[in-house]
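For reference, the structure I am asking about is given below.
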Amino acid sequence: MKIARETRPRFAAIKGHLVPWGCLAPALVFLALFTFWPLVSTLKLSFYQWNMVSPTPKWVGLTNYLEILRSREFWLAFWHTLEYTLILLALNLALPYITAYILSRLVVKGQNFYRALIFLPSVLSLAVAAVIFLWLYNPLAGPVNALLRLLGLPAPPWLSSYGWVIPALTVITAWKSFGYNFIVLLAGMVAVPQELIEAARLEKASNWQIFWWIIRPLTSGTALYVLVMTVIIGSQYVFVPIQMLTNGGPDQASTNLVFLIYQYAFNFFQAGKAAAAAVITLVIFGGLLFLQKRVLEKGVYYEN
């Protein structure tokens, strides 16, 4: 009886550890199969030369990495990715931030209508958005160029001009994902205590002062989330417009890192170089996340 009493607490402790792991097991299995195993396989493939046809990949060590880092197209794609990201941050972080503040604090009537209207593009696929903007950007009959001509402004060939193709493609991605970022930021602003806003108004604070000194600090955690998602996912989202509308052109002018990986694998049949480019891209974005953790998060306010 004494032994049975001693084993009972031990069994309860083991059961207490097994229950949470049992709940996590389905998610861990899917993560292992569809996230960690592909990462390990990609890292392994990056040390080989393989055209996806030959049954035996050839070991080349670090050759793929060296060739990529010395290549012009990689650094061109890197700078294009940086350009995409900066424009996206302006369109999908700064602009939704201001729009959310206006609708949450300044607009009284029709708030639900405006929110639904702004969020509507988010339910469309990127392929549909690309087709819509292909018509809008049409140099002969597109509404955008027709409006510019009406105003007496030059109407550039948006998707075939070296200087305009990246902003034109980024606008498509921003239009598609603007509504989601807007709703997330709006939720953060609605959660700001109304007492602080009323106290600031009693002190004769302007709308700009309320935004800068109250709303901005108290929603910094939400803004940081939107920033990270814009940087990480935005580069992937723009892949669809690039593939459908420009195929990386003109003269690689719209190629970013994600599309370059696709080109290495499925256009040039260089799976090893594609894997190496994917690993380098992962390291770059991992470095950005580390920088965010060490620098940006220090100034973030968390309620709890």
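The values are calculated or read from the model by the stated rules, or taken from the named source; none is laboratory data. No experiment lies behind these values; they were computed from the predicted model shown. Here Cβ is always computed from backbone atoms with ideal geometry, including for glycine, and neighbour counts include all displayed protein chains. Keep in mind that these areas ignore ligands, DNA and RNA; they rest on the heavy atoms of the full protein, side chains included. Shrake-Rupley method; radii C 1.70, N 1.55, O 1.52, S 1.80 Å.
Among rounded, prolate and oblate, which fits the range 84-236 when a ≥ b ≥ c are the square roots of the eigenvalues of its C-alpha gyration tensor, a/c under 1.5 means rounded, and a/b larger than b/c means prolate?
Here the range 84-236 falls in the prolate category.
Relative contact order of the chain, please, whole-number percent, based on alpha carbon pairs below 8 angstrom and at least 6 residues apart. Before the final figure, lay out the partial values.
Details: 318 pairs, mean separation 85.2, N = 304.
In percent, rounded to a whole number, it is 28.
Continuing with this model, one more query. Keeping the other protein chains in place, figure out the carbon and sulfur percent of the accessible area of the range 59-150, with a 1.4 Å probe. Intermediate values should be presented prior to the final figure.
Values: 4090 of 5410 Å².
Of the solvent-accessible surface of the range 59-150, carbon and sulfur hold 76 percent.
Taking the highest mean first, how do the peptides 45-53, 224-232 order by number of other beta carbon atoms within 10 angstrom per residue? Can you show the working numbers first?
Details: 45-53: 16.2, 224-232: 17.8.
Result, highest mean first: 224-232, 45-53.
Can you give the longest run of the chain that contains no trypsin sites (Lys or Arg not before Pro) sitting in a DSSP loop with at most 15 other Cβ atoms inside 10 Å?
1-108
Let me ask you something else. Kirkwood Rh, the range 48-124, all Cα pairs: how many Å?
The answer is 17.2 Å.
Could you tell me the largest-minus-smallest coordinate of the C-alpha atoms of the chain on each of the three principal axes, in descending order and whole angstroms?
Computed over the chain, the largest-to-smallest principal extents equal 93, 69, 32 Å.
Could you do me a favour and compute the accessible area per residue for the range 41-183, 1.4 Å probe, result in Å²?
Ligands and nucleic acids excluded, the figure is 57 Å² per residue.
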